[in-house]
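In what follows, a single structure is set out as structure tokens and then discussed.
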Amino acid sequence: MFIINSVTKITRDIDGEALIIECNVSNPSGDDTFDAKHAYRESDPHGLSPVIKQWLIDHPDFPIDPYVPLTPPTPEEIRSAMPSLSSRQFWLAALEIGITKAIVQDKIRSLGMAPLDEARMITELIEATTFERTNPFLAELTGLFSLPPADLDILWTWASAL
């Protein structure tokens, strides 16, 4: 049988019938102590549940937080978690939608940027060895080609498996 050393948090589960108990537990000798996150149902007679049941009886005023659904990640958070692409992966993906390095270079030159800005953008987009989905130059490039960010996300995910 386990011993509950401390409970840090209790939260209702999504269905309201279970409690998620975050606690520190040890074996009876105290040799093995560990943090546990346990889904407790009053009707469960197994594992840690009987010990938690008694702990809840002994601590009736311990606060139980309501279930709060996770907030889905924003598109920006999803993009920042996307893997880097190698130059090979990036340009193979670009070829899938008919874009080559030469076309990108011509588009950049047609913008009439200051020479240093133009050189910086060309270097970032054509000579890079890896590409990050959140690169600001990439956002400019997608605008030049009228490629919606969500479409690029799909293409990026596809390219990451190449």
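Table: residues versus (1) at pLDDT below 95; (2) closer than 30 Å to Pro136 by Cα.
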| position | (1), (2) |
| --- | --- |
| Ala18 | yes, no |
| Ala39 | yes, no |
| Glu42 | yes, no |
| Lys53 | yes, no |
| Pro66 | yes, no |
| Glu76 | yes, yes |
| Ser84 | no, yes |
| Leu92 | no, yes |
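Taking the residues in the stretch 10-25 that are exposed (fewer than 14 other Cβ atoms within 10 Å of the Cβ) and touching a residue at least 12 places away in the same chain (Cβ under 8 Å) as candidates, determine which candidate is farthest from Leu70 (Cα to Cα).
Narrowing the stretch 10-25 to residues exposed (fewer than 14 other Cβ atoms within 10 Å of the Cβ): 13-17.
Then drop every residue that is not touching a residue at least 12 places away in the same chain (Cβ under 8 Å), which leaves 13-14, 16-17.
On the way: Asp13: 12, Ile14: 11, Gly16: 16, Glu17: 18 Å.
Checking each candidate, the answer is Glu17.
Against the test of being farther than 14 Å from Asn5 by Cα, assigned to a loop (DSSP other than H, G, I, E, B) and either touching a Gly at 6+ places or on another chain (Cβ under 6 Å) or open to solvent by 40 Å² or more (accessible area, probe 1.4 Å) (or both), the options Pro45, Pro28 yield a single qualifying residue, Pro45. Taken over the stretch 57-78, residues that are outside any loop (DSSP other than H, G, I, E, B), in contact (Cβ under 8 Å) with a residue 40 or more places away in the chain and of a type in the set (A, V, I, L, M) amount to 1. Taking each residue of the stretch 116-131 that is of a type outside the set (Phe, Trp, Tyr) and looking for partners that are open to solvent by 80 Å² or more (accessible area, probe 1.4 Å) with beta-carbon atoms closer than 9 Å, six or more apart or interchain, yields Glu118/Arg109; Met121/Glu140; Ile122/Arg109; Glu124/Pro136; Leu125/Lys101; Leu125/Glu140; Ile126/Lys101. Met1 falls short on exactly one of the conditions (1) open to solvent by 90 Å² or more (accessible area, probe 1.4 Å); (2) closer than 30 Å to Thr129 by Cα; (3) among the aliphatic types (A, V, I, L, M), and that condition is (2). Filtering the stretch 124-149 to residues that are open to solvent by 40 Å² or more (accessible area, probe 1.4 Å), out of contact with any helix residue (DSSP H, G or I) (no Cβ under 6 Å at 6 or more places or on another chain) and under 17 Å from Ser84 (Cα atoms) leaves Glu127, Thr130, Glu132, Pro136, Ala139, Pro149.
The values are calculated or read from the model by the stated rules, or taken from the named source; none is laboratory data. Predicted model, so just to flag it, every value in this text is computed and none were measured. All Cβ positions, glycine included, derive from the backbone under ideal geometry; neighbour counts span all protein chains shown. In case anyone asks, the SASA skips ligands and DNA or RNA and just uses the protein heavy atoms, side chains included. Shrake-Rupley method; radii C 1.70, N 1.55, O 1.52, S 1.80 Å.
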